[in-house]
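The values are calculated or read from the model by the stated rules, or taken from the named source; none is laboratory data. This one's a predicted model, so the numbers in the text were calculated from it and none came from an experiment. Methodologically, a virtual Cβ is constructed for each residue, glycine included, from the backbone with ideal geometry; neighbour enumeration extends over all protein chains shown.
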Amino acid sequence: MTPTPVLLNVDDHEGARYARSRILSSAGFRVYDAGSARETMELVEKHRPDLVLLDVHLPDMYGIEVCRRLKEVRLDTSVMVLQISASALSAAHAKEALDAGADAYLMEPVDPDVLVATVKALLRLHQAERSLVHANRQLEIVNKELQRSNQDLQQFAIAASHDLQDPLRTMSIYTQMIAQEIGETLSEQHKGYLKWVMDGTTRMQALIHDLLAYSQVGREGRTQSIIELDGVVSAAISHLAEPMQAAGGVIEVPRPLPSVWGDPANLVSLFHNLLSNSLKYRAPERTLAIQVRAEQSSPVEWTIRISDNGIGISEDYHQVIFRPFKRLHGFGIPGTGVGLALCQRIVEEAGGRIWVESVPDQGSTFCFTLRAA
């Protein structure tokens, strides 16, 4: 049930105060009366009114100064003030009253319907203000919790990565030692067991590395700046030079590429993941060909396309592949299932979006947008 709005009717003229109070009470408001500045401040503290109707002339203080002080009262929301003055004085005081913080200004004589309509309009404004203040406070609480959660997650990811890597390194070292020292005496079945252990260790190390990278995207302290994509793409290609040469693949990159906003390390990781994706999912019956293109899709945005002639992706999976740990080909093709999820997070952190256009057996084009420098 909505509570009845509370009004404070302030006027040193008893007759005018009484008449205004009757009008407002008849309109359904709960009205308290005051005839001085001192009484006004006391009743504001006591009743927390939704609106104060304030006469300009009071016996102990100028009404506009009272308005200024009401606006400084530390309540849940600021006090709404409707300043009222005699018509002969309104022109001189209107601007001064509004400058002092009054939310509206009326000059007497005031038509009862106009008075009630003005009060209702100000109360609606006050309710909207309260709702906004409450929403902002809730948002601030949620943001603080989210920041704390993100910080905890990042610290956990770093600690977990370190703690998990140590036993994995130990397993890897001793498995290799066993293979070197007694490998020749083992049966093929036991050699297969050792290989499974080493492969599992390697996959787990890669997964921990990728999860750490995923958790660190957007962490505090990383600032975006103007980045030349020529250097970013060159760095990503250099990381893949050996496997690309072994596969006989060709990467076509038009020069120059544009400048964009972003984090350089994140953008290198983005291109590296997408290029290595094309490398992993190449079609064995044809030579791998990758093309990087950039087109300005708006004055403030570039669209980057990385196309290949690989095995392609069914349309049923165009959205699914960006989920963490989603693998369409099991463990037959190396990978952790985090790469495309990492790409999506990097692009969205930079203010863009990413999607795929693909036809099975014809190739894929990964598209993403970046803010123009």
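When the criteria are applied in full, Asp230 meets the requirement of being at pLDDT 90 or above, assigned to a helix (DSSP H, G or I) and out of contact with any strand residue (DSSP E or B) (no Cβ under 7 Å at 6 or more places or on another chain). Considering the stretch 302-324, the residues that are part of a strand (DSSP E or B), buried (at least 16 other Cβ atoms within 10 Å of the Cβ) and not polar (S, T, N, Q) include one that is farthest from the chain's Cα centre (by Cα), namely Asp308. Within the stretch 115-137, no residue that is free of Cβ contacts under 8 Å to residues at least 40 places away in the same chain sits with its Cβ atom under 9 Å from a residue that is in a helix (DSSP H, G or I) at 6+ positions apart or across chains. Counting the residues of the stretch 50-73 that are in a loop (DSSP other than H, G, I, E, B) and basic (Lys, Arg) gives 0. Here are Asp113, Asp60: which of them is closer than 20 Å to Pro5 by Cα and not aromatic (Phe, Trp, Tyr)? Exactly one residue qualifies, and that residue is Asp113. Scanning the stretch 95-134 for residues that are buried (at least 17 other Cβ atoms within 10 Å of the Cβ) and over 26 Å from Ala19 (Cβ atoms) returns a single hit, Gly101. One residue is enough: does the stretch 214-235 have a residue meeting the conditions surrounded by 15 or more Cβ atoms within 10 Å (Cβ to Cβ), of a type in the set (Phe, Trp, Tyr) and not assigned by TED's automatic domain parsing to the domain that holds Ala341? Yes. Of all residues in the stretch 91-109, those being in contact (Cβ under 8 Å) with a residue 24 or more places away in the chain and either in contact with a strand residue (DSSP E or B) (Cβ under 7 Å, 6 or more places away or on another chain) or within 17 Å of Met80 (Cβ to Cβ) (or both) number 7.
Could you say which residue among Leu257, Leu270, Leu240 is touching a Leu at 6+ places or on another chain (Cβ under 7 Å) and closer than 25 Å to Gly351 by Cβ? After applying the criteria, what remains is Leu257.
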